[in-house]
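The block underneath contains the structure these notes are about, expressed in structure tokens.
The values are calculated or read from the model by the stated rules, or taken from the named source; none is laboratory data. Here the structure is a predicted model, which is why all the values come from computation and not from measurement. Counting neighbours? That spans all protein chains shown, and the Cβs are built from the backbone with ideal geometry, glycine included. What goes into the accessible areas is simple: the full protein's heavy atoms, side chains included, and nothing from ligands, DNA or RNA. Shrake-Rupley method; radii C 1.70, N 1.55, O 1.52, S 1.80 Å.
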Amino acid sequence: MMATTPKLMRAIRVGEFGGPSVLKLCSNVPVPNPGQKQVLIHVHACGVNPVETYIRSGTYARKPSLPYTPGTDVSGVVEAVGDRVQLLQAGDRVFTTATETGGYAEYTVVSEDCVHRLPDPLDYKQGAAIGIPYCTAYRALFHKAHAKAGETVLIHGASGGVGVAACQMARALGLRVLGTAGTAEGLELVLRNGAHQAFNHKNEGYTSKIMDATKGQGVNVIVEMLSNVNLSNDLQMLAYGGRVTVVGSRGPIEINPRDTMAKESSIIGVALPYATVEEKAECAAALFAGMDAGWLKPAVGKQYTLDMASQAHIDIIDCPGASGKMVLTM
């Protein structure tokens, strides 16, 4: 490690599962050491993702052992590298798709294969908005829904991190893109980031307007962020052979299975942790192509300092409408 690397750092620690108040800022956490094929990153920003609130509350399928530091999507500068790291060196600007020691911290250790160079046109806040949102959008659209150029996709909840990523990606790869948001600001963001048309999902009858936009044919693919509210309506909006990918859900919902029979449609769950090594490599290649071409431009939304992590966890669940990707800054 660099001679100037401090011994202690500030980090959020979770000692018990529960509400946002279990996120505690500690100022005397030892700075971790990178092991073999690992990298120590001086964190500038870390993305806040809804899944981190589910893990913190103890309701998620996979529970980390306590205490732990949340966060996977960091961006910053390589501080030090462990043995057998070949492609990175101290001083490199990078972003990550996972961490070993948690991202809500001033320093984090990351496995070398989860660290990627951050292109110069993107700032650190944008770097912290790439990992989970863009990888989830790619997995939903292409690995699960097998979306094809020329098809119509509805991004149901398009103004948050995953939604903006899905709009940019689908537009760049030749799909017709319809998006929804719940505020005027959100609708503008969706249109600015690749949607051909945007609809306010808080307005009564908005699903009829979506059907009108498809001339009554329905949409081929839906990327669904809030299935416990929308899934039944989604099934009505699909074209024959349509696919709904479930990216987010906050509870149960009743559906009529007959709706899937009527159009031979599919409901497909999306969970990023199941991505194989090959799928991750394919996704990374697509994202770097997007950075080179200029269409991959994360939209950063609300920003919080590290001591405001618990407020960020409240706002990401309760906000009236997302507008870009929420990030913590160090």
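Candidate values (i) 22.1, 79; (ii) 19.8, 61; (iii) 20.0, 66 were compared with Rg and Dmax of the Cα atoms in Å computed on the shown model; the agreeing label is (iii). Gain on full extension, evaluated as 0.36 nm per residue between ASN33 and TYR274 minus their Cα-Cα distance, stands at 84.0 nm. In the full protein context, region 236-330 carries 53 Å² of accessible surface per residue, based on a 1.4 Å probe and ignoring ligands, DNA and RNA. Taking label positions 7 Å along the Cα-Cβ direction at both LEU25 and SER57, the computed distance is 2.4 nm, reported to one decimal. Loop-located trypsin sites (Lys or Arg not before Pro) across region 28-129 with a Cβ neighbour count of 10 or fewer within 10 Å are ARG62, ARG84, with loop assigned by DSSP. Express the relative contact order of the chain as a whole percentage, based on alpha carbon pairs under 8 Å and six or more residues apart in sequence. Answer for the chain is 17 percent. In the context of the full set of protein chains, residues of region 84-235 present 38 Å² of accessible surface per residue (probe radius 1.4 Å, heavy atoms only).
Assigning unit charges at the beta carbon (Lys, Arg +1; Asp, Glu -1) and nothing else, what dipole magnitude in debye, to the nearest 20, does the chain show about its Cα centre? Roughly 160 debye for the chain. Charged side chains reduced to their Cβ positions (Lys and Arg at +1, Asp and Glu at -1) give region 1-107 a dipole of some 200 debye around its Cα centre. Based on Cα contacts under 8 Å between residues 6+ apart, region 1-121 shows a relative contact order of 30 percent.
A dipole drawn for the chain from +1 and -1 charges on Cβ atoms has a positive end, and of SER75, PHE288, ILE253 the residue lying farthest that way is ILE253.
The residues neighbouring VAL77, those whose beta-carbon lies less than 9 Å from its own, together hold a net charge of -1 under the Lys/Arg +1, Asp/Glu -1 convention.
Among THR5, GLY216, ILE132, whose Cα lies farthest out toward the positive end of the dipole of the chain, if unit charges sit on the beta carbon of Lys, Arg (+1) and Asp, Glu (-1)? Toward the positive end, the furthest listed residue is GLY216. Each stretch of four or more DSSP H residues adds -39500 (n - 2.57); spread over every residue of the chain, this sum gives -8000 deg cm²/dmol at 222 nm.
Over region 171-330, what percent of the accessible surface lies on carbon and sulfur atoms, probe 1.4 Å?
After summing per-atom areas, the C and S share lands at 52 percent.
Each listed q (0.12 Å⁻¹) maps to a log10 I(q)/I(0) for region 41-183, found by the Debye formula over equal Cα scatterers with no solvent: -0.56. Rolling a 1.4 Å probe over the protein chains gives ASP259 an accessible area of about 30 Å². Of the GluC sites (Glu not before Pro) found in region 199-271, those that fall in a DSSP loop while having at most 11 other beta-carbon atoms within 10 Å are GLU204, GLU254, GLU264. Solvent-accessible surface of region 1-67, averaged per residue with a 1.4 angstrom probe and all protein chains in place: 53 square angstrom.
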